[in-house]
């Protein structure tokens, strides 16, 4: 895939705090460029913790397969990918990163491009991280997810989308963001700041791909758990931040994907959430594959049955009236 060198100089992430070394270290395949970027919060609303600085880190040595991550998120935002012919559907994507950083390419821009080519307007969410020193840090990812839903709904006419056809998808720790929103979309985790906050934060569908879900130490992803709720949470705190223990009959339709050989986030996270969701009579479709490991996204599925997953997701979104 050819490299568009001009994009090196006009990085659309709008990251003024990225280090010079990070800026020099990465190249981006043509096509992985957002059409716009919007802040989640009004100017002056957020005061970043002392010393918090955003920076991009490139994790790939392959110039044709960029794998960047964003650390120290201080300006939560939505990067927008607009299709040439919008079909009215919208998807918000929350990439993973173990609540230590937010992946940019493989769980964000790559799927955004795939969906954009099919007429979906896509918003890649760069959410704040619970271990970065924000007040009420455990609720910070959910706060940004709720706000993202409301901002997207408020922009429906501007972006040419249907405010009743907005799905929210998350990968790995971003799957914990997604499944927290699934069950706590109406939790009061921040004070309203403008008219957008009068809108519902309930997604019309939720997809969670190899998600971190539970805070039960028997199956939890240890790093995500400690970042989110600390090293020694009490039982009530562990329960509150475990979506499988907070399922409700009125939650959105749920789609789950996990590889059974995942050595990073145990498949039991998805299994428990599926069983709990079915237990309350809420709709859920789950796909478990023998192989795939963790973090496969779109680029690491070659030769494996799990490679079909984007089409399975597409068909499910259609079955629920999103596309």
Among 133, 175, which is the only one that is touching a residue at least 60 places away in the same chain (Cβ under 8 Å), closer than 27 Å to residue 59 by Cβ and under 16 Å from the mean Cα position of the chain (by Cα)?
175
Can you confirm whether the stretch 206-216 contains a residue that is on the phi > 0 side of the Ramachandran plot and in contact (Cβ under 8 Å) with a residue 60 or more places away in the chain?
yes
Check on residue 286, under 19 Å from the mean Cα position of the chain (by Cα), touching a residue at least 24 places away in the same chain (Cβ under 8 Å) and surrounded by fewer than 19 Cβ atoms within 10 Å (Cβ to Cβ)
yes
Check off (1) buried (at least 18 other Cβ atoms within 10 Å of the Cβ); (2) under 19 Å from the mean Cα position of the chain (by Cα); (3) farther than 18 Å from residue 166 by Cα for residue 251 and give me the number that stays unchecked.
(3)
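Answer yes or no: is there a residue in the stretch 92-102 that is over 20 Å from residue 265 (Cα atoms), buried (at least 22 other Cβ atoms within 10 Å of the Cβ) and either in contact with a helix residue (DSSP H, G or I) (Cβ under 8 Å, 6 or more places away or on another chain) or without any contact (Cβ under 8 Å) to a residue 40 or more places away in the chain (or both). Don't jump to the end; show me each part of the working.
Here is the first cut: in the stretch 92-102, the ones over 20 Å from residue 265 (Cα atoms) are 92.
Of the ones still in play, those that are also buried (at least 22 other Cβ atoms within 10 Å of the Cβ) are 92.
Adding the requirement that they be either in contact with a helix residue (DSSP H, G or I) (Cβ under 8 Å, 6 or more places away or on another chain) or without any contact (Cβ under 8 Å) to a residue 40 or more places away in the chain (or both) leaves 92.
Within the stretch 92-102, one or more residues are over 20 Å from residue 265 (Cα atoms), buried (at least 22 other Cβ atoms within 10 Å of the Cβ) and either in contact with a helix residue (DSSP H, G or I) (Cβ under 8 Å, 6 or more places away or on another chain) or without any contact (Cβ under 8 Å) to a residue 40 or more places away in the chain (or both).
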Against the condition buried (at least 18 other Cβ atoms within 10 Å of the Cβ) and in a helix (DSSP H, G or I), how does residue 202 come out, does it pass?
no
Out of the helices (runs of 4 or more DSSP H) lying entirely within the stretch 102-177, which hold 1 or more residues that are farther than 24 Å from residue 68 by Cα and at pLDDT 95 or above?
140-154, 156-159
Checking the structure you have, find out if any residue of the stretch 48-66 is exposed (fewer than 14 other Cβ atoms within 10 Å of the Cβ), touching a strand residue (DSSP E or B) at 6+ places or on another chain (Cβ under 7 Å), assigned to a loop (DSSP other than H, G, I, E, B) and at pLDDT below 85.
yes
Hey, can you tell me all the residues within the stretch 258-281 that are within 18 Å of residue 183 (Cα to Cα) and surrounded by 24 or more Cβ atoms within 10 Å (Cβ to Cβ)?
269, 270, 273, 277
Only one of 24, 11, 43, 20 that is surrounded by fewer than 17 Cβ atoms within 10 Å (Cβ to Cβ), modelled with pLDDT under 95 and in contact with a helix residue (DSSP H, G or I) (Cβ under 8 Å, 6 or more places away or on another chain)
11
Hey, among the residues in the stretch 289-307 that are in a helix (DSSP H, G or I) and touching a strand residue (DSSP E or B) at 6+ places or on another chain (Cβ under 9 Å), which one's surrounded by the fewest Cβ atoms within 10 Å (Cβ to Cβ)?
305
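The values are calculated or read from the model by the stated rules, or taken from the named source; none is laboratory data. For clarity, every value in this text was computed on a predicted model and none was experimentally measured. Glycine gets a Cβ as well: all are built from the backbone with ideal geometry, and neighbour counts include every protein chain shown.
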